[in-house]
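Scroll down for the structure; my scribbles are underneath it.
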Amino acid sequence: MSTPSPITDSIKQQLLAQFCEEHDNAISILDADLHYLSVNRAFEVMVGYNSEFLLNRPLGVYATEFLSLRDGTVLNDMIGDLRSTGLYANNVSIANRYGQTLNCYVTYRQMTIDDQVYFIGMFRDISALVKDKEKLTHLLNFDPLTGLPKRKVFLSQANHLLLDNSSEIFIVRFNINRYRTLASSIGLTQGNNLIIEFVERVNDIKLKHLKFFAHFGSDDFVLLFDGCHKSQVSHQLDRLMQVCQQPFIVDCCSKDQLINAYHRDEIVDFNGLVDNSSFKKINIYLQLSIGISHYPKNDNQLIGLLTKAEKALQYVRESKVDDICWYHADLDRFISDSLQLEAELRVAIQKCQFVPYYQPKVNLSTGEIIGFEALVRWQHPTRGLLKPCHFIDAIIKYKLSFELFCQMAVQITKHLQAWENLGFHKNICINADAMEFSHTDFYNFLSDLFSKKLINPTQLNIEITESSLMLGHANVKKQLEQLKTLGVGLALDDFGTGYSSLSYLQEYPFDIIKIDKSFILKMVNSRTQQAIVKAILDLAIALDMVVIAEGIETEQQRDLLLNMGCLYGQGYCFSPPIPYLSATRMLTEQINFR
Ligand code: C2E
Ligand code: MG
Ligand code: MG
């Protein structure tokens, strides 16, 4: 094998020169006075001038026309560094002949040959890197869906504003009512589209005095108004509310989705279907809940103002009294009361403070007690006996319904057994919120109760209100069907008060309809209400269902119902809900309500 002949200096120089000439990076050689001596092809392309123009001209000449203050500073730094240290290395963005901004990593280094000073510079294009970085920064700081600034950006920019400001500032936090429920029924994509369109509409109305519009995620938005008065903000918020007066049109892929959405909320306009035949589009009306805080009245720190606006928003969501709330100190008490209620409810569950009261269900023609409805009462350690209106919403909100159901069911079982031992075979209705069925242990809990033969499934009816079905918890239908397989009876409570009473009857496997007391109350003086009750009774007969009238307060109401063919009822006319011992006495004394 022959050894390769050593490379000559001349060949080496030629190779390097050619390499530099063809290199992808822009390369330039400057003399001691920082004038161009040589540039490669890539340099010419980058700056937009050929070498004839550049040679003997000073460093940066190609950009002089476009030099911004910042570019000028970069060039001066470069010249200064080269003169003092002979070295320069930095990421710079420079303008070329056409005014384009170039992002480059630039290195210049001094070299001396035969006592002559030269500077060799290389420019590496880092535009793609810079773009990626910009994209990342944008993603981190702006919501990808709406393009609005996120919390971090809002905090830093609003903080600056607060520091430099002597005028009034208003922080507005707002949510779209029941957005999560809605989004879960129409699907993620449609939910996102709804948010995008909503934000576009808000941007289009150009709210006056608005300094920031930020998106903290999901349906959580923040506005900051600056340099205006309360009345002006109120006016702008009215305009914001008006954005929701026009319906949002949403595609519904399947009939099920549509029915789901329809069940859940009054905000879905069934009549407004754009395409009736294929069930493709629905009109959705959004409603907002708004909480506002004021600088400097409520706080002088941004975090404090945001928290206070959030408290006001929480008040709107929980009290449901109004759509808008301006923060005031009493709200702190409201929030702490609601926290205290949660803590007390958890203790009440632990210490079994919930007891069933029993209201007799009566055969209207014979006056005989056919069974009872169990209605929960809270034996509160300091506030006495509380009715459900004081705590049932909180039970649902804090997801304690299943625990409450178990506590009630255990006591009811004992009472049914005790009555059985006395020779009274009765059945009991227990109220349940649809959320309870979603609990993984609900079915097992009940089947356990029956398999131990503690009670017979036919002795238990479960009452579910229309309003709880309207929240559209997933799988309710499947869960109700499972319960039916256990032999439990199902009653639709407060029938007629919801929006789609009839469709519930068709969709879910109910055995009993409980006519809401509002119909019974108005029935005596209103032929319309009578006609409704009659129609419900006819429907029940046709569907082979039992009807129980709620809230019978007078004998006149009872007789009217009997004449219309209603066999069963309950109400103060017979008895209010009473404790277990009183109910037992009622049975042993064989009370008859005729
Ligand atoms: P509901 O199931 O429709 O019960 C009927 C309500 O009407 C009861 O109120 C009862 O005391 C009242 N009432 C009975 N007869 C008359 C009458 O003649 N006139 C009038 N004006 N009212 C009458 P209560 O006990 O305050 O219960 C209110 C609601 O709380 C119940 O309505 C039910 O939806 C819910 N609830 C009660 N117990 C429970 C429970 O254990 N779990 C769940 N999830 N909800 C319950
Ligand atoms: Mg009930
Ligand atoms: Mg009812």
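Here are some notes:
- Across the range 487-525, the number of residues qualifying as in a loop (DSSP other than H, G, I, E, B), out of contact with any strand residue (DSSP E or B) (no Cβ under 7 Å at 6 or more places or on another chain) and modelled with pLDDT under 90 comes to 7.
- Any hit, the range 371-379, residues being part of a strand (DSSP E or B), in contact with a strand residue (DSSP E or B) (Cβ under 7 Å, 6 or more places away or on another chain) and free of Cβ contacts under 8 Å to residues at least 12 places away in the same chain: no
- Residue in the range 219-262 that is modelled with the lowest pLDDT, counting only those that are acidic (Asp, Glu) and farther than 23 Å from residue 148 by Cβ: 256
- Test: residue in the range 466-479 that is at pLDDT 90 or above, within 13 Å of ligand 1 (Cβ to nearest atom) and not in a loop (DSSP other than H, G, I, E, B): no
- The residues of the range 488-515 that are within 15 Å of ligand 1 (Cβ to nearest atom), of a type outside the set (Gly, Ala, Ser) and closer than 19 Å to residue 371 by Cβ, listed by number, are 490, 492, 493, 494, 495, 510, 512, 513, 514, 515.
- Residue within the range 522-531 that is within 14 Å of ligand 1 (Cβ to nearest atom) and of a type in the set (Ser, Thr, Tyr) present: no
- Residue 411 meets all of the listed conditions (1) polar (S, T, N, Q); (2) touching a Ser or Thr at 6+ places or on another chain (Cβ under 9 Å); (3) more than 16 Å from ligand 3 (Cβ to nearest atom) but one, namely (2).
To keep it simple, each residue is scored yes or no on (1) surrounded by fewer than 18 Cβ atoms within 10 Å (Cβ to Cβ); (2) on the phi > 0 side of the Ramachandran plot; (3) away from ligand 3 (no atom under 16 Å from the Cβ); (4) part of a loop (DSSP other than H, G, I, E, B).
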site	(1), (2), (3), (4)
424	yes, no, yes, yes
431	no, no, no, no
436	no, no, yes, no
440	yes, no, yes, yes
443	yes, no, yes, no
453	yes, yes, yes, yes
461	no, no, no, no
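- One residue alone among 74, 47, 39, 92 is among the β-branched types (Val, Ile, Thr) and either modelled with pLDDT of 90 or more or farther than 20 Å from residue 130 by Cα (or both), and that residue is 39.
- For the criterion of being within 14 Å of ligand 3 (Cβ to nearest atom), farther than 17 Å from residue 548 by Cα and not hydrophobic (A, V, I, L, M, F, W, C), residue 467 passes.
- Some residue of the range 547-570 being within 15 Å of ligand 2 (Cβ to nearest atom), over 20 Å from residue 371 (Cα atoms), in a loop (DSSP other than H, G, I, E, B) and not small (Gly, Ala, Ser): no
- Filter result (under 30 Å from residue 186 (Cα atoms) and in contact with a Lys or Arg (Cβ under 7 Å, 6 or more places away or on another chain)) within the range 282-323: 289, 291, 309, 310, 313
- Every residue from the range 316-363 that is outside any helix (DSSP H, G or I), exposed (fewer than 14 other Cβ atoms within 10 Å of the Cβ) and modelled with pLDDT of 95 or more: 351, 352
- Comparison of 550, 555 shows that the only residue that is touching a helix residue (DSSP H, G or I) at 6+ places or on another chain (Cβ under 9 Å) and within 16 Å of ligand 1 (Cβ to nearest atom) is 550.
- Among the residues listed as 546, 488, the single one being under 24 Å from residue 377 (Cβ atoms), surrounded by 14 or more Cβ atoms within 10 Å (Cβ to Cβ) and free of Cβ contacts under 8 Å to residues at least 60 places away in the same chain: 488
- Flag for residue 366 being outside any helix (DSSP H, G or I), farther than 30 Å from residue 423 by Cα and away from ligand 1 (no atom under 15 Å from the Cβ): no
- Considering (1) of a type outside the set (Val, Ile, Thr); (2) within 26 Å of the chain's Cα centre (by Cα); (3) more than 10 Å from ligand 1 (Cβ to nearest atom); (4) crowded, with 20+ Cβ neighbours inside 10 Å, the lone condition that residue 398 does not fulfil carries the number (4).
- Tabulated pairs, the range 11-24, first in the same structural domain as residue 39 (by TED's automatic domain parsing), second surrounded by 10 or more Cβ atoms within 10 Å (Cβ to Cβ) and polar (S, T, N, Q), C-beta under 8 angstrom, 6+ apart or interchain: 20/40; 21/40; 22/40; 23/40
- Those residues of the range 95-127 which are within 15 Å of residue 60 (Cα to Cα), hydroxyl-bearing (Ser, Thr, Tyr) and touching a residue at least 24 places away in the same chain (Cβ under 8 Å), in sequence order: 98, 108
The values are calculated or read from the model by the stated rules, or taken from the named source; none is laboratory data. Note that this is a predicted model, so its numbers are computed, not measured. Methodologically, a virtual Cβ is constructed for each residue, glycine included, from the backbone with ideal geometry; neighbour enumeration extends over all protein chains shown.
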